[in-house]
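Undergrad: What follows is a structure written as C-alpha cells; I'll ask about it next.
The values are calculated or read from the model by the stated rules, or taken from the named source; none is laboratory data. Small disclaimer: the values here were computed from a predicted structure and weren't measured. Note that we place each Cβ from the backbone using ideal geometry, even for glycine, and neighbour counts take in every protein chain shown.
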Amino acid sequence: MANVLNFTVDKYPNDLLADIFNHQHELAIKYLPIEKSNGLCLYDIIPADIDDPKAQAKIKDMSWRAIEEVAEAIEAFDKGEQIHFLEELADALHFLIEKYLLCDFYPYHANSCSRYFPTQNIKPTGDLASWFHDIGPVIPKETRRPELYMAAAEYMVASGLTCNCLKNKPWKQSHVLTDERYFREKLIEEFRAFIKLCFIAGLDATALYDMYLRKNQVNKFRQKSNY
C-alpha cells in the first residue's frame, strides 16, 4: 500500500498555504462522487450555503474527521511511530482545509480577513510561515508528550467552538442565521491552535507543506486505484 515515503516534493511555491488550498479543492471535488456512490454524501456544493442545515452537518463532519486524525496522530506518537504520527497530522490538515473550503474561509494572519473585516488597518496575509513564527521563534528539538497532549486538546476545543457557531442542528425546528463574523473569528482561533499543535510536533511551514503534499499524492493514488 502506498504511503508518504513513496512520494517526494520537488518544488515549494512562494505561497505554501494557497497551494495547499488549491490541492485540497482538487481532491475534494474528486471525492464527492465517491461519497455519493457510497450513499454518505451529506452535501456536495463548495463553498457551502453556511446556513443550510445539511451544509452545517457537512462542516461539522469535516471537523470531526480532522479531530479523529489528530487522535490517531497522538496514538502513533505514543507508539513511537514518527512518520505515521506526522502523516496523521497531514491527514488532519486535509480535512481542516476542506472544512475551510466549505466555509469560504481563508485563514488570514493577524486576525484579519479582508472579506469580513474590511475596516481593519492590517494587511491580510496567508503566509504559512508567519503563523509558525507567531507560535515561537525556535522549533523545539524534541516533541514532549505533555505539551503535545495539551496542544491537541486546545485544538479540539477550538474546533468544537467553531461547530457551536452553527446552530441549525438536526433536532431543532427553528432556523438560526449564523453570526459569520464571530464564526470566522473562531475559525482563525482554530487554525492558530492547529498550527501550534504542528509546531509542538516539531514541524515548520515547509515541513508541514511537505508532509501535506506527500499525503495528498497518496490520496490521489488511492482515488485512481479505487482504494
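Undergrad: Kindly provide the set of residues from segment 97-118 that are under 16 Å from Cys165 (Cβ atoms) and modelled with pLDDT of 50 or more, ordered by number.
TA: Answer for segment 97-118, where residues must be under 16 Å from Cys165 (Cβ atoms) and modelled with pLDDT of 50 or more: Lys99, Tyr100, Leu102, Cys103, Asp104, Phe105, Pro107.
Undergrad: Condition first: of a type in the set (Val, Ile, Thr) and under 28 Å from Thr178 (Cβ atoms). Now tell me which residues in segment 1-53 satisfy that.
TA: Of everything in segment 1-53, those that are of a type in the set (Val, Ile, Thr) and under 28 Å from Thr178 (Cβ atoms) turn out to be Ile20, Ile29, Ile45, Ile46, Ile50.
Undergrad: Also, quick follow-up: Would you confirm whether or not segment 19-34 contains a residue that is farther than 18 Å from Lys220 by Cβ and either modelled with pLDDT under 90 or touching a helix residue (DSSP H, G or I) at 6+ places or on another chain (Cβ under 8 Å) (or both)?
TA: No, there is no match, as no residue in segment 19-34 is farther than 18 Å from Lys220 by Cβ and either modelled with pLDDT under 90 or touching a helix residue (DSSP H, G or I) at 6+ places or on another chain (Cβ under 8 Å) (or both).
Undergrad: Right, another one. Within the set of pairs 6 or more residues apart or between chains, which connect a residue that is under 19 Å from Lys99 (Cα atoms) and of a type in the set (A, V, I, L, M, F, W, C) inside segment 158-183 to a residue that is at pLDDT 90 or above and loosely packed, with under 15 Cβ neighbours inside 10 Å with Cβ atoms less than 8 Å apart?
TA: Cys165/Asp179; Cys165/Tyr182
Undergrad: Still on this structure: If Thr162 passes every condition in (1) surrounded by fewer than 20 Cβ atoms within 10 Å (Cβ to Cβ); (2) part of a helix (DSSP H, G or I) but one, which one does it miss?
TA: So Thr162 meets the others, but not (1).
Undergrad: Oh, and also: Quick one: count up the residues across segment 74-111 that are touching a residue at least 60 places away in the same chain (Cβ under 8 Å) and either more than 20 Å from Glu185 (Cβ to Cβ) or not in a helix (DSSP H, G or I) (or both).
TA: Selection size over segment 74-111: 20.
Undergrad: Residue pairs, Cβ under 7 Å, 6 or more apart or interchain, first in segment 13-28 and in a loop (DSSP other than H, G, I, E, B), second buried (at least 19 other Cβ atoms within 10 Å of the Cβ) and of a type in the set (Asp, Glu). List them.
TA: none
Matching residues to (1) in a helix (DSSP H, G or I); (2) at negative phi; (3) at pLDDT 85 or above:
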residue	(1), (2), (3)
Pro124	no, yes, no
Val138	no, yes, no
Glu142	no, yes, no
Val157	yes, yes, yes
Lys169	no, yes, yes
Phe191	yes, yes, yes
Lys196	yes, yes, yes
Gln223	yes, yes, no
